[in-house]
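Have a look at the structure below before the remarks.
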Amino acid sequence: MKPKNTSIYLDYAAATPADPAVVKAMAPFWNQQFHNPSSLYQAAKDVRLVLDSARRQIAQVLGAKPTEIIFTAGGTESINLAVMGVLTNYPDKKFVTTNIEHEAVLATFRELERRGHKTAIVPANPDGLVSPEAVAEAIDDETVFVSVMLANNEIGTIQPVAKIAQLVAEIRRRRAASGNPLPLYLHTDACQAAGALDLSVARLGVDLLTLNGSKIYGPKQTGILYVKAGTDLKPLVYGGGQESGLRSGTENVPGSVGLATALKLAAEQRTSESRRLQDLRDQLLRGLHAKLDLKVNGSLTHRLPNNLNFSLPGIDGEMAVLRLDHAGIQVSTGSACSTGRVEPSHVLKAIGLSDEAANGSLRLTLGRSTTASDIETVIRIVPGVIADLRATKG
Ligand SMILES: *Cc1c(COP(=O)(O)O)cnc(C)c1O
């Protein structure tokens, strides 16, 4: 068996290695400048300045004000803060999202439903894109919150968030004209987007935006929620009042510095790295297509440059992942084994795949360390592994 450290890693949508520059930027804040930013002596004030600077860097990438950036412990927490933070103020109003969101959104919405709150889930189209008109139609006079992800983590489809924001703005204008005082907030989960897409909140037209470190070569369990000034939000976590009272707890200074560094790098490399990854991804698709009977899941035109997701008829995705791992290639599948039962991906089901097609899917996501030679190796190895799997089946 190939030693693990020579494996070709193609699961960057699940986790990214921290960039060496990120690790380096974080280093002083573990045991040198470790002070509590709220303390009064100069060393602590210096740490406060470091945190302020990290917040400013992030705000700059988003085109936001530093006071609009709330540090959290990851994407899941930011999403929960957005949904629950609005819910606390508007418990009897309606919350809208789509059926291809990350579990962090969908599980939160299921909890809202369980507690008896009003929700609506807009279905995506078979190409994995959400129609702005369908979102607008789901918004009624009672709706206060809409969440549509910027880029999907499984099939990489890029959602028309700016277009949705335009329709939301129109609805707000109509509300204002008719004397309806309710706010209507648009949140986007941008966890998968920073490497490829412009995150300008003004261009996107969002009120709330979630980002995390773990998908952008930053530290895990770091994230931010962008909260547009004037957005009426309550905290999930009460305590010392840090993060403008929206996220109490002693600040994660190394994590915040790491996240800011990672986001800055992502923004700097966005254009060149997207082009490079798209070329490699297209090369990978052509190479595999020539040798395998595969069907791509989701739009190929409105898609993250590093994402490939396809179904292989008659193949068990989980088995394929294990065999590929053995052959030195780390990928993921659209089936997850939870408590002994194989659950097909809700995203693949949402875009119309059968359980069998969803369970026979593979996701290959490329990243900064992926080389042309890796792609050639994958094209050489994968078809044989799949053929073996077909031959030994049942
Ligand atoms: C990873 C991910 C999350 C969850 O982020 P964590 O930092 O792991 O909590 C949410 N949404 C999307 C699209 C993701 O890819």
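Give Ile100, Ile79 a once-over and let me know the one that is within 15 Å of the ligand (Cβ to nearest atom) and assigned to a loop (DSSP other than H, G, I, E, B). Let's see the steps before the verdict.
Working: Ile79 fails: assigned to a loop (DSSP other than H, G, I, E, B).
Exactly one of Ile100, Ile79 is within 15 Å of the ligand (Cβ to nearest atom) and assigned to a loop (DSSP other than H, G, I, E, B), namely Ile100.
Name the helices (runs of 4 or more DSSP H) wholly within region 281-387 that hold at least 2 residues that are closer than 18 Å to Gln192 by Cβ, within 18 Å of the chain's Cα centre (by Cα) and not small (Gly, Ala, Ser)?
Values: elements: 317-326, 346-350, 355-359.
Helices (runs of 4 or more DSSP H) meeting the threshold: 346-350.
Taking region 358-394 as the region of interest, how many residues are more than 17 Å from Gly287 (Cβ to Cβ) and surrounded by 23 or more Cβ atoms within 10 Å (Cβ to Cβ)? Before the answer, list the steps.
The first filter runs over region 358-394 and keeps only residues more than 17 Å from Gly287 (Cβ to Cβ), leaving 358-361, 367-369, 388-394.
After this cut, where a residue has to be surrounded by 23 or more Cβ atoms within 10 Å (Cβ to Cβ) as well, the list is 358-361.
Here the count works out to 4.
Go through (1) buried (at least 22 other Cβ atoms within 10 Å of the Cβ); (2) in a helix (DSSP H, G or I) one by one and return the number of the condition Ser244 breaks.
Going through the list (1) buried (at least 22 other Cβ atoms within 10 Å of the Cβ); (2) in a helix (DSSP H, G or I), Ser244 breaks only (1).
Considering region 94-123 alone, what residues qualify as being within 25 Å of Gly298 (Cα to Cα) and either in contact with a Gly (Cβ under 9 Å, 6 or more places away or on another chain) or open to solvent by 30 Å² or more (accessible area, probe 1.4 Å) (or both)?
Looking only at region 94-123, we keep the residues that are within 25 Å of Gly298 (Cα to Cα), and these are 96-110, 120-123.
If the condition is that a residue be within 25 Å of Gly298 (Cα to Cα) and either in contact with a Gly (Cβ under 9 Å, 6 or more places away or on another chain) or open to solvent by 30 Å² or more (accessible area, probe 1.4 Å) (or both), then Asn99, Ile100, His102, Glu103, Ala104, Ala107, Arg110, Ile121, Pro123 are the ones that fit.
From the list Gly287, Gly298, Gly317, pick out the single residue that is surrounded by 15 or more Cβ atoms within 10 Å (Cβ to Cβ) and over 30 Å from Ile121 (Cβ atoms). Before the answer, list the steps.
On the way: Gly298 fails: over 30 Å from Ile121 (Cβ atoms); Gly317 fails: over 30 Å from Ile121 (Cβ atoms).
Among Gly287, Gly298, Gly317, only Gly287 is surrounded by 15 or more Cβ atoms within 10 Å (Cβ to Cβ) and over 30 Å from Ile121 (Cβ atoms).
So Gly74 ticks every box in (1) within 16 Å of the ligand (Cβ to nearest atom); (2) touching a helix residue (DSSP H, G or I) at 6+ places or on another chain (Cβ under 8 Å); (3) at positive phi but one. Which box is left unticked?
Here Gly74 meets the rest and fails (2).
Residue by residue, here is whether (1) within 23 Å of Ser53 (Cβ to Cβ); (2) away from the ligand (no atom under 13 Å from the Cβ); (3) touching a residue at least 40 places away in the same chain (Cβ under 8 Å) holds:
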position: Ala176; (1), (2), (3): no, yes, no
position: Ile224; (1), (2), (3): yes, no, yes
position: Asp232; (1), (2), (3): no, yes, yes
position: Pro254; (1), (2), (3): yes, yes, yes
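Could you look through region 139-161, keep only residues that are farther than 30 Å from Ser311 by Cα and open to solvent by 10 Å² or more (accessible area, probe 1.4 Å), and pick out the one that is nearest to the ligand (Cβ to nearest atom)?
Ile139
The values are calculated or read from the model by the stated rules, or taken from the named source; none is laboratory data. Keep in mind that what you see is a predicted model, and the values were worked out from it rather than measured. Positions of Cβ are backbone-derived with ideal geometry, glycine not excepted, and every protein chain shown enters the neighbour counts. These accessible areas exclude ligands, DNA and RNA; they are computed on the full protein's heavy atoms, side chains included. Shrake-Rupley method; radii C 1.70, N 1.55, O 1.52, S 1.80 Å.
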